[in-house]
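One structure is given here, and the rest of the page talks about it.
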Amino acid sequence: MSFLCQNTPINEALITAARNCPHQVVRVKPTKTQLKVLDAIKNGESVTASQMTERCDISQSFTSTLLKGLAEKGYLTRKVDSRAFGGVEFIYSRMGF
C-alpha cells in the first residue's frame, strides 16, 4: 500500500476537485485504520470480518463496516457466502495492486 503514501506533488485538477467538494474526499482517501486492514490482507487472499477482527484487534462490527466501505471504494471485492445453518457471511478479497 506504499503507493497511497507517496510524497509526490498532487495533480492540480485533483486539488481543485477536492476544494470544490471537500465532503467527497473521504470517499477516495483511505483512513489509517482502513490502510491497516488493507495491509493485513495479502493479494489474492480471501478473508472474513471475523478473521480480520483477530488480525487487526478491532471489534467485529467495526471491522465489518471498514471492509464494506473498502469494497464500496473499490479496494476489495465482496462476495456473499451462504452459511450451512442459515445466514450469510461476506468474503472479501484484495484487488491486485
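The values are calculated or read from the model by the stated rules, or taken from the named source; none is laboratory data. No experiment lies behind these values; they were computed from the predicted model shown. Glycine also receives a Cβ, built like all others from the backbone with ideal geometry; neighbour counts cover every protein chain displayed. What goes into the accessible areas is simple: the full protein's heavy atoms, side chains included, and nothing from ligands, DNA or RNA. Shrake-Rupley method; radii C 1.70, N 1.55, O 1.52, S 1.80 Å.
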| remark: Phi angles of region 63-71, converted by Karplus (6.51 cos²θ - 1.76 cosθ + 1.60, θ = phi - 60°) into ³J(HN,Hα) in whole Hz with x for Gly and Pro, give 4, 4, 5, 4, 5, 4, x, 5, 5
| field | Theoretical FRET efficiency, 1/(1+(r/R0)^6), r = Cβ-Cβ of K32 and F90, R0 25 Å, to 0.05 | value | 0.65
| message | Through the Karplus equation 6.51 cos²θ - 1.76 cosθ + 1.60, θ set to phi - 60°, convert the phi angles of region 75-82 into ³J(HN,Hα) values in whole Hz; use x for Gly and Pro. | response | 7, 10, 9, 10, 10, 9, 10, 6
| task | Using just the alpha carbons, could you tell me how many Å³ per residue the convex hull of region 36-97 encloses? | result | 82
| said: Between S82 and T53, what's the calculated FRET efficiency when r is the beta-carbon distance and R0 is 25 Å? Round to 0.05. | reply: 0.75
| What aspartates and glutamates could a cross-link reach from K68, if we take a straight Cα to Cα line under 15 Å and drop same-chain neighbours fewer than 8 places away? | D81, E89
| region 42-97 - percent of accessible surface contributed by carbon and sulfur, probe 1.4 Å | 51
| Given 0.36 nm per residue, what is the gain on full extension from N11 to K42 after removing their alpha carbon distance, in nm? | 8.2 nm
